[in-house]
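Encoded as structure tokens, the structure appears first; notes follow it.
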Amino acid sequence: MNKLEHIGIAVKNLEESNRLFSRLLGTDPYKTEIVEREGVKTSFFKVGDVKIELLEATHPDSPVARFIEKKGEGVHHLAFDVQPIEEKMENLKSEGFGLLADTPKPGADNKKIVFLHPKTTNSVLIELCQDRG
Ligand code: ZN
């Protein structure tokens, strides 16, 4: 893993949480983006080298909606920058980690992403991401 790239936080209302986190962090989100395939509307804040990604579900059966139903709002995933992502996936697979997809998918913020199965990572949802360039 190269570095912690961002921390994903599940929220019920992106508008309200954008205002909250703007006040908290002292900076406005630098982008808002809908990732239809993941069923999320996201916004990104930059704090030093790390980003905060807020995630609101776009429909009631999106993974983020199910997460909030089960656990409430809060920290949803940690995302690590890796390069190249395909090689890291192979390495982690051979180390016994589960992957939620066989190939990386387009994610928000111009990234290729894949998630590790939280059952294999102490219940922490881990995202691997690489810039699409
Ligand atoms: Zn993320």
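The values are calculated or read from the model by the stated rules, or taken from the named source; none is laboratory data. Keep in mind the model is a prediction, meaning the values are calculated, not measured. FYI the Cβ positions are ideal-geometry reconstructions off the backbone, even for glycines, and counts take in every protein chain you see. Surface areas here come from the heavy atoms of the whole protein model, side chains and all, with no ligands, DNA or RNA. Shrake-Rupley method; radii C 1.70, N 1.55, O 1.52, S 1.80 Å.
Anything in the range 90-133 that is open to solvent by less than 30 Å² (accessible area, probe 1.4 Å), away from the ligand (no atom under 16 Å from the Cβ) and touching a residue at least 24 places away in the same chain (Cβ under 8 Å)? List them, or say none.
92
Could you check, for the range 45-64, whether at least one of its residues is among the aromatic types (Phe, Trp, Tyr), within 14 Å of the ligand (Cβ to nearest atom) and in contact with a Pro (Cβ under 6 Å, 6 or more places away or on another chain)? Break it down stepwise before answering.
Narrowing the range 45-64 to residues among the aromatic types (Phe, Trp, Tyr): 45.
Subsequent filtering for residues that are within 14 Å of the ligand (Cβ to nearest atom) retains 45.
After this cut, where a residue has to be in contact with a Pro (Cβ under 6 Å, 6 or more places away or on another chain) as well, the list is 45.
Scanning the range 45-64 turns up at least one residue that is among the aromatic types (Phe, Trp, Tyr), within 14 Å of the ligand (Cβ to nearest atom) and in contact with a Pro (Cβ under 6 Å, 6 or more places away or on another chain).
Scanning for something under 18 Å from residue 121 (Cβ atoms), in contact with a strand residue (DSSP E or B) (Cβ under 8 Å, 6 or more places away or on another chain) and of a type outside the set (Phe, Trp, Tyr), does the range 34-44 turn up at least one residue?
No: zero hits.
Being out of contact with any Phe, Trp or Tyr (no Cβ under 8 Å at 6 or more places or on another chain) and either part of a strand (DSSP E or B) or not acidic (Asp, Glu) (or both) is the filter here; which residues of the range 10-21 pass it?
11, 12, 13, 14, 17, 18, 19, 20 - these are the residues of the range 10-21 that are out of contact with any Phe, Trp or Tyr (no Cβ under 8 Å at 6 or more places or on another chain) and either part of a strand (DSSP E or B) or not acidic (Asp, Glu) (or both).
Looking at the range 25-40, is at least one residue closer than 17 Å to residue 110 by Cα, open to solvent by 60 Å² or more (accessible area, probe 1.4 Å) and assigned to a loop (DSSP other than H, G, I, E, B)?
Taking every residue of the range 25-40 in turn, at least one turns out to be closer than 17 Å to residue 110 by Cα, open to solvent by 60 Å² or more (accessible area, probe 1.4 Å) and assigned to a loop (DSSP other than H, G, I, E, B).
Could you tell me how many of the residues in the range 65-91 are out of contact with any helix residue (DSSP H, G or I) (no Cβ under 8 Å at 6 or more places or on another chain) and within 13 Å of residue 127 (Cβ to Cβ)?
9
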